[in-house]
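S.K.: Following this message is one structure expressed as structure tokens.
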Amino acid sequence: MTSGYLSEREARFLMAAAALAPAQGKNLEIGSFKGRSTVGLAYVTRELGLGTVVAVDPHTAPATTDPDLRGKTSSYDDFVANLRTAGVFERVEIQRVYSHELAREWKDSIRFLWIDGDHTYEGAKADLDMFKPYLVDGAIVAMHDVLGTFEGALRVFVEEVLDSDDFGPAGFSGSIGWAQYRPRDGKAARFRRRRRLLAIPARQLIPVARRADRGLHGWNKFLYKLWRPLAPHGDVNLKYLAAVTS
Ligand SMILES: C[S@@+](CC[C@H](N)C(=O)[O-])C[C@H]1O[C@@H](n2cnc3c(N)ncnc32)[C@H](O)[C@@H]1O
């Protein structure tokens with residue numbers, strides 16, 4: 001598998017969600033690194049004829065939350081090589097810039113938004129705020145490293161997605177938080193109830209993640225282990241995902 005930061009469960013979820021989002025438009029990935037998620041998205045959307053994949057990343061690991069480049073100055077060469085090896089290079093529109101630079105010229109509808117760039121609160125919130133206006137009804141938003149130890153990404157997912165009636169069905173798979181953009185009926189009781197239930201443990205994990213910058217220890221580790229299982233984050237059943245997002 002292409003090197004990168006996505007578990008097999010998360011990769012499975014990402015590809016399924018991109019395949020099933022019942023909407024037309026582009027698939028935007030913010031944060032590609034060496035292309036692990038890009039390859040999955042490009043493959044599934046090519047096979048099903050589901051819009052271009054745009055991959056935005058300056059490839060310099062600029063955020064404090066980014067992976068280490070291990071002595072290199074860029075992940076770009078590995079990224080391109082991995083796309084070519086996987087046979088999906090032609091499918092991906094590469095944008096070697098910051099997400100805020102791309103946002104300045106963005107005009108297209110988005111059917112699938114994958115946020116895996118800057119995981120600080122400011123960075124993750126800006127990514128959602130900048131591209132939310134382009135989501136089409138039915139689009140799916142997925143954010144990586146939400147159910148982990150990145151306080152910022154988790155806070156944005158709880159406050160801007162789970163707490164918002166613009167979104168309908170929602171859930172977790174691995175550390176991914178996902179939701180379907182449904183301004184037409186996101187406030188329906190069945191969606192609100194589910195989002196509120198998910199937000200209970202997720203909100204409790206925000207201070208836990210804040211204190212975990214040097215790893216999980218002692219009482220904080222106990223709280224993490226207490227609250228995380230209460231936010232269901234296993235494999236998402238495909239029939240369920242198809243039915244709930246249709
Ligand atoms: C966790 S990695 C992405 C992992 C990748 N999705 C995978 O599947 O392996 C985060 C990436 O976000 C990029 N990044 C950080 N800040 C960014 C920004 N403002 N706009 C776009 N990309 C950004 C970094 O350069 C880094 O490559």
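S.K.: Identify the residue in region 64-92 that is within 7 Å of the ligand (Cβ to nearest atom) and at pLDDT below 95 and, among all such residues, is farthest from Ser3 (Cα to Cα).
M.R.: Checked region 64-92; the qualifying residue farthest from Ser3 (Cα to Cα) is Asp66.
S.K.: Quick test of your reading of the structure: Val54 fulfils all but one of (1) within 12 Å of the ligand (Cβ to nearest atom); (2) open to solvent by 30 Å² or more (accessible area, probe 1.4 Å). Name the failing condition by number.
M.R.: Against the list (1) within 12 Å of the ligand (Cβ to nearest atom); (2) open to solvent by 30 Å² or more (accessible area, probe 1.4 Å), Val54 comes up short only on (2).
S.K.: Here's another thing I want to ask about it. State all residues of region 151-166 that are touching a helix residue (DSSP H, G or I) at 6+ places or on another chain (Cβ under 6 Å) and within 16 Å of the ligand (Cβ to nearest atom); if no residue qualifies, say none. Don't jump to the end; show me each part of the working.
M.R.: Just the residues of region 151-166 that are touching a helix residue (DSSP H, G or I) at 6+ places or on another chain (Cβ under 6 Å), to begin with: 151-156, 158, 160, 162.
Hits for region 151-166 are Glu151, Gly152, Ala153, Leu154, Val156.
S.K.: Here is a follow-up. Would you call Lys125 in contact with a helix residue (DSSP H, G or I) (Cβ under 7 Å, 6 or more places away or on another chain), within 24 Å of Gly152 (Cα to Cα), free of Cβ contacts under 8 Å to residues at least 60 places away in the same chain and open to solvent by 20 Å² or more (accessible area, probe 1.4 Å)?
M.R.: Numbers: in contact with a helix residue (DSSP H, G or I) (Cβ under 7 Å, 6 or more places away or on another chain): yes; within 24 Å of Gly152 (Cα to Cα): yes; free of Cβ contacts under 8 Å to residues at least 60 places away in the same chain: yes; open to solvent by 20 Å² or more (accessible area, probe 1.4 Å): yes.
Answer is yes for this residue.
S.K.: Ok, one more. Among the residues of region 192-204 satisfying the criterion of being open to solvent by less than 10 Å² (accessible area, probe 1.4 Å) and touching an Asp or Glu at 6+ places or on another chain (Cβ under 9 Å), which is farthest from Ala170 (Cα to Cα)?
M.R.: Per the stated criteria, the residue is Ala199.
Let's see how each residue does on (1) open to solvent by 50 Å² or more (accessible area, probe 1.4 Å); (2) of a type in the set (Gly, Ala, Ser):
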residue	(1), (2)
Leu6	no, no
Met15	yes, no
Leu41	no, no
Leu50	no, no
Asp66	no, no
Ser74	no, yes
Asp78	no, no
Thr85	yes, no
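S.K.: If we keep just the residues of region 93-133 that are assigned to a loop (DSSP other than H, G, I, E, B) and within 10 Å of the ligand (Cβ to nearest atom), which is nearest to the chain's Cα centre (by Cα)?
M.R.: Asp116
S.K.: Six or more apart or on different chains, Cβ atoms under 8 Å: show the pairs whose first residue is in region 228-240 and free of Cβ contacts under 8 Å to residues at least 40 places away in the same chain and open to solvent by 90 Å² or more (accessible area, probe 1.4 Å) and whose second is of a type outside the set (D, E, K, R) and outside any helix (DSSP H, G or I).
M.R.: Sorted first by the residue in region 228-240, then by its partner, the list stays empty.
The values are calculated or read from the model by the stated rules, or taken from the named source; none is laboratory data. Being a predicted model, the structure only gives us computed values, none of them experimental. Every residue, glycine among them, receives a Cβ derived from its backbone with ideal geometry; neighbour counts consider all protein chains shown. For accessibility, only protein heavy atoms count, side chains too; no ligands or nucleic acids. Shrake-Rupley method; radii C 1.70, N 1.55, O 1.52, S 1.80 Å.
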